[in-house]
Amino acid sequence: MQKVKEKIIEAILLICSSITVLTTIGIIIILAIETFQFFKDVSIVEFFTGTEWTPLFANKKFGILPLVSGTLLTTFIAILVALPLGLTIAVYLNEYADKRFKAVIKPLLEVLAAIPTVVYGFFALTFITPILQSFIPSLAGFNALSAGLVMGIMIIPYVSSMSEDALSAVPNSLREAAYGMGSTRLQTAFKVMLPAASSGVIVSVILAISRAIGETMIVAVAAGQEPRLTFNPLNSIETITTYIVQVSMGDVPQNSIEFRSIFAAGITLFGLTFILNNISFWMKRKFVQRYE
Amino acid sequence: MNNARKNEIKDNAFKVFALVCTSVGLIVLGLLLYNIISVGLTRINWDFITNLPSRRPGKAGIYTALLGMIWVVTLTLIISFPIGIGAGVYLEEYGKKNPFAKFIEINIANLAGVPSIIYGILGLELFGRLLALGNSILAASLTLSLLVLPIVIVATREAVKAVPGSLREASYGLGATRWQTISRIVLPASFGSILTGLILAVSRAVGETAPLIVVGALVYVPFAPKTPMDQFTVLPIQIFNWTSRPQSGFVVNAAAAIIILLMFVFILNGFAVFLRNRHNRRVKY
C-alpha cells in the first residue's frame, strides 16, 4: 500500500514538472499555427524585408523591419547605459569595496529590478523626457532615447549582479599571482580577473539584452506608437512589444489579419530572445567550470 | 613622475569613477521616488482608494483595480505554488540522474528568459479562446501562474538543495519512506527559503502588466469583480491607462496609484529580505 502511494506521489510531482515543458510546447505551437495562418495572406518575403508596417490602416503593409529597428534601437541605448555602469560596479564591488559596503549596495541596486516596469514608463515619459527636451529641443514627446535610457538603468542590476558573481567565482590564486608579479589593483582587475570571468560577464550581458528586447511597458508608455525604420533616437518609434500591446488594447476583431499579425510579431520576438537565451545557456555550460 | 605614482593615480581615478557609476543607479532611483511622491502623495486619501473609476480625474479611484489585483494575485498563488513546489521537489529529490529531469532543467532556464508578453499571447489563445475563459480573472491568473512558475521552482530547488543529506539519512534510518522524509523533514527544514522565493514571485505578479493586457484585462471596469469569471482590471493597467491620457489630472492619479503599487512591492521585497536574513542566521546545520 505504502509503495503504491509513493509511486502515485512521484507521478504527481513528475506531472508538476512537466507543466513547464508543456508551457514551452504550447508557446511554440500557438505562435506557429497562428503565424502559419498569417502567412497564407501575407508573403513571408514582404514580412521580413518590407520597410512599412501599417496593419491598422486602410492600406495594410506588413513589413516587420520598422518594429525590429525600433526594438533594436531602444535595446542598444539601454545596453549602452547598463554595460559600462554595470560592469564598473561589478569590478568595484568585487575588487575594491569592503564587505559592509557591498552588503548594503548590492540589495539597494537590486531594488531597481524589482520596480514594476510601468512605473519606469511613467518616469521616462513625465520626468526624463521633459528634462531631455530642455537640452535637445528637437526631441519628440514620445522618443526612443528616454525610454532606452530608463530601460538601461533598470537592467543595471542584471549586468552588475551576475558579473559580480562571475568575478567572485574566479579563484583567489589568480589574484594573488597577479599581485605577486607587482600588478596594481586596477591592472589585476582588468587584465586578470575580468578576462578570467569573461564568459560569465558575457552571459550576463546577453541576458540583459534579451531582457531589454522583451521589455514592454517602458517602451509602450514612453517610446511612442509610430513604426518607423530609423536609428535616430530622437524620433517616436514603435517596438514589437508595443505593437502587441497596441493591438490588444484596441477593438481589433479576433481572427482578422490585424489580430493574427500579433502572433507573427510575437514569433519574431520569441525567436530573437530564444536564440540569445540559448547562446547564454550554451556558454554557461561550456566555460563555467574551467577553474574547478 | 615615475610609473608607480602614475599607477596609483589611475587606481584612484578608477575608484572615483566607480563610485560615480554606483551612485548613478541610486540617484535615478531616488529621483524616481521623489518625482512620484511629489506629484502623487497629496492625491492619496480614502476616497481615492474606495472610488470607482471615473472620467473626471478628481473623482476617479482605484477601488476596482485594487480588488482586481487582489483577486488575480491570490488565484495565481493558489495555482502556481503547489505546482512549483512539487516540480522543484521532483527535480531535486527524484530526478537527479534522470535525463528527462535534465531536459526540464534546460527548459526552465529557457522559460525564465521568455518575454512576459509572450506568456500573454499563450494565455490569450490557450485559456481565453481554447478553454473559453475569455478575459476573466481566472484566465489572467492561469497566465500569471505559468509566468511565475520558473521563479517558484528555482527557489524551491535551491531551498531543498541546502538541506543537508544527514537529515535525510537519519530519516531513512528510522524507516521513513521517501515521501515521508520529504514531507516531514526536507520541506519543513527548507520552509524559510521556499517562502522567500514565493514572496518574490508574488511581488513579480503584483507588478506584471503586459501579459494581462494581452489576455484582455479591461481599462475601464465600473464594478468590483465578484467571481473568478468576472472581467477585471489591475493596478498597473490602471496606471498605464492614466499615464497615457492627456489631462494633467490623470498624471497625478497615476503617480498616486504608483505610490500604492510600490508600497505593495517594497513591503513584499522587504519581507523577503528579512526572512532570508533571519533564516540564514538561525539555521546552522
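No value in this document is a laboratory result; all are computed from the given coordinates. Nothing here was measured: the structure is a model prediction, and the numbers come from that model. Reconstructed Cβ throughout: ideal geometry from the backbone, glycine too, with neighbour counts over all protein chains shown.
Can you list the lysines whose alpha carbon is less than 21 Å from that of A:LYS102, not counting same-chain residues fewer than 8 positions off?
Once the sequence-local lysines are set aside, what remains near A:LYS102 is B:LYS15.
Can you spot the aspartates and glutamates whose alpha carbon is less than 13 Å from A:LYS106's alpha carbon? Ignore those fewer than 8 places along the same chain.
Partners found: A:ASP98, A:GLU164, A:ASP165.
At q = 0.20 Å⁻¹, what log₁₀ I(q)/I(0) does region B:184-260 have when each alpha carbon counts as one equal point scatterer in the Debye sum?
Values, matching the q order: -0.93.
Expressed as a fraction of 2.2 N^0.38 Å, the rule-of-thumb size for a compact globular protein of N residues, what is the C-alpha radius of gyration of region B:1-148?
Normalised Rg, Cα atoms only: 1.69.
Pull up all non-local amide H partners of A:THR184: gap of 5 or more, or a different chain, and H-to-H distance under 5 Å with H placed in the peptide plane.
Counting only residues 5 or more places away or on other chains, the set is empty.
Which value in Å does the Kirkwood hydrodynamic radius of region A:217-281 take, with 1/r averaged over all unlike C-alpha pairs and then inverted?
Details: mean 1/r = 0.0760 Å⁻¹.
Hydrodynamic radius (Kirkwood, Cα pairs) of region A:217-281 is 13.2 Å.
What number comes out for the charge environment of B:LEU29, summing +1 per Lys or Arg and -1 per Asp or Glu over other residues with Cβ under 14 Å away?
Here the count lands on 0.
Holding the Cα-Cα limit at 20 Å, pick out from B:LYS97/B:LYS161; A:LYS99/A:LYS191; A:LYS286/B:LYS102; A:LYS40/A:LYS61; A:LYS99/B:LYS6; A:LYS99/B:LYS10 the pairs that are longer than that.
On the way: B:LYS97/B:LYS161 15 Å; A:LYS99/A:LYS191 23 Å; A:LYS286/B:LYS102 16 Å; A:LYS40/A:LYS61 15 Å; A:LYS99/B:LYS6 28 Å; A:LYS99/B:LYS10 23 Å.
Result: A:LYS99/A:LYS191; A:LYS99/B:LYS6; A:LYS99/B:LYS10 exceed 20 Å.
Net charge near B:VAL215, counting Lys/Arg +1 and Asp/Glu -1 over other residues with Cβ under 14 Å of its Cβ? Write down the numbers at each step before the final one.
Working: positive: B:ARG129; negative: B:GLU125, B:GLU208, B:ASP230.
The answer is -2.
Give me Rg over Rh for region B:144-285, both radii from the alpha carbons and Rh done the Kirkwood way, two decimal places. Please report the intermediate quantities before stating the final value.
Numbers: Rg = 20.8 Å, Rh = 18.1 Å.
Here Rg/Rh amounts to 1.15.
Most fluctuating residue of B:ALA176, B:ALA217, B:ALA256 in a GNM of chain B with Cα springs under 10 Å: which is it?
B:ALA176
If you build a Gaussian network model of chain B, linking Cα atoms that sit under 10 Å apart, which residue out of B:LYS102, B:LYS59, B:LYS15 swings the most?
Fluctuation is largest for B:LYS15.
Pairs of Cα atoms under 8 Å, at least six residues apart: use those to get the relative contact order of region B:1-142, whole percent.
Working: 61 pairs, mean separation 22.5, N = 142.
Across region B:1-142, relative contact order equals 16 percent.
Could you state the orientation-averaged shadow area of the convex hull built on the Cα atoms of region A:2-41, in nm² to one decimal? Could the numbers behind the result be given before it?
Numbers: hull surface 11.6 nm².
Dividing the Cα hull surface by four gives the mean projection, 2.9 nm².
Could you tell me the distance between the Cα centroids of region B:103-143 and region A:14-75, to the nearest Å?
A separation of 16 Å, based on Cα centres.
Scan around A:GLY63 for amide H atoms under 5 Å from its own, H built in the peptide plane at 1.01 Å from N, and keep only partners 5 or more places away or cross-chain.
Under 5 Å from the amide H of A:GLY63: A:GLU52, A:TRP53, A:THR54.
Please state the Cα pair-distance histogram of chain B with 10 angstrom bins from zero: what percent is in each bin?
6, 22, 25, 22, 15, 8, 2, 0
Cut-off under 14 Å on the C-alpha distance; same-chain residues fewer than 8 positions from B:LYS59 excluded. Which aspartates and glutamates are left, in chain and number order?
The qualifying aspartates and glutamates are B:ASP47.
Comparing A:ASN277, A:ASN59, A:ASN143, which has the greatest mean-square fluctuation in the GNM of chain A with Cα pairs linked when under 10 Å apart?
Among A:ASN277, A:ASN59, A:ASN143, the largest GNM mean-square fluctuation belongs to A:ASN59.
What Rg and what Dmax come out for region A:155-199 when only alpha-carbon atoms are used, in angstroms?
When restricted to the Cα atoms of region A:155-199, Rg and Dmax are 11.2, 36 Å.
Provide the net charge surrounding A:SER160, with neighbours chosen by a C-beta distance below 13 Å and charges set as Lys +1, Arg +1, Asp -1, Glu -1.
Details: positive: A:LYS102, A:LYS106; negative: A:GLU110, A:GLU164, A:ASP165.
Combined, the nearby Lys, Arg, Asp and Glu give -1.
Taking all pairs of different Cα atoms in region A:65-287, averaging 1/r and flipping that mean, what Kirkwood radius in angstroms comes out?
On the way: mean 1/r = 0.0530 Å⁻¹.
Answer for region A:65-287: a Kirkwood hydrodynamic radius of 18.9 Å.
Just counting partner chain Cβ atoms within 10 Å, what average do the residues of peptide B:82-91 show around their Cβ?
Values: counts 2, 7, 4, 2, 8, 8, 3, 4, 10, 5.
Counting Cβ atoms of other protein chains within 10 Å of each residue's Cβ and averaging gives 5.
Could you give each residue of region B:141-149 its phi-based ³J(HN,Hα) in whole Hz, using Karplus coefficients 6.51, -1.76, 1.60 with θ = phi - 60°, and x for Gly or Pro?
Result, rounded to whole Hz: 5, 4, 4, 5, 4, 4, 5, 8, 3.
For region A:65-287, what's the relative contact order in percent, using C-alpha pairs closer than 8 Å and at least 6 residues apart? Please list the in-between numbers first.
On the way: 317 pairs, mean separation 70.0, N = 223.
With pairs under 8 Å counted, the relative contact order is 31 percent.
Starting from the Kirkwood Rh over alpha-carbon pairs, what translational D in µm² s⁻¹ does the protein assembly as shown have by Stokes-Einstein at 20 °C and 1.002 mPa s? Each step should come with its number before you reach the end.
Details: Rh = 25.3 Å.
Roughly 85 µm²/s, to the nearest whole number.
Report the Cα centroid-to-centroid distance between region B:161-205 and region A:252-281 in angstrom, as an integer.
Comparing the Cα centres of region B:161-205 and region A:252-281, I get a distance of 38 Å.
If a helix is a whole DSSP H run, which ones in chain A reach 27 Å or further along their own axis (Cα) and hold a mean Kyte-Doolittle hydropathy of at least 1.0? Before the final figure, lay out each step's value.
Numbers: long enough: A:2-41 (59 Å, 1.15); A:65-95 (43 Å, 1.70); A:144-168 (35 Å, 1.19); A:257-287 (45 Å, 0.78).
Both cut-offs are met by A:2-41, A:65-95, A:144-168.
Spelling out what I want: for every residue of region B:67-80, take phi, set θ = phi - 60°, compute 6.51 cos²θ - 1.76 cosθ + 1.60 (Karplus), and round to whole Hz; glycine and proline get x.
Result, ordered by residue: 5, x, 5, 4, 4, 4, 5, 4, 5, 4, 4, 4, 7, 7 Hz.
If contacts are Cα pairs under 8 angstrom and at least 6 residues apart, what is the relative contact order of chain B in percent? Present the calculation step by step, with values, prior to reporting the outcome.
Working: 343 pairs, mean separation 75.7, N = 285.
Worked out over chain B, it gives 27 percent.
For region B:122-137, just list the computed ³J(HN,Hα) in residue order, Karplus coefficients 6.51, -1.76 and 1.60, θ = phi - 60°, integers in Hz, with x standing in for Gly and Pro.
4, x, 4, 6, 6, 8, x, 9, 5, 8, 6, 8, x, 9, 8, 4
Could you work out [θ]222 nm for the protein assembly as shown from helices alone, using -39500 (n - 2.57) per DSSP H run of at least four and dividing by all its residues? Round to the nearest 500 deg cm²/dmol.
Details: 24 runs with 406 residues, N = 577.
That calculation yields -23500 deg cm²/dmol at 222 nm.
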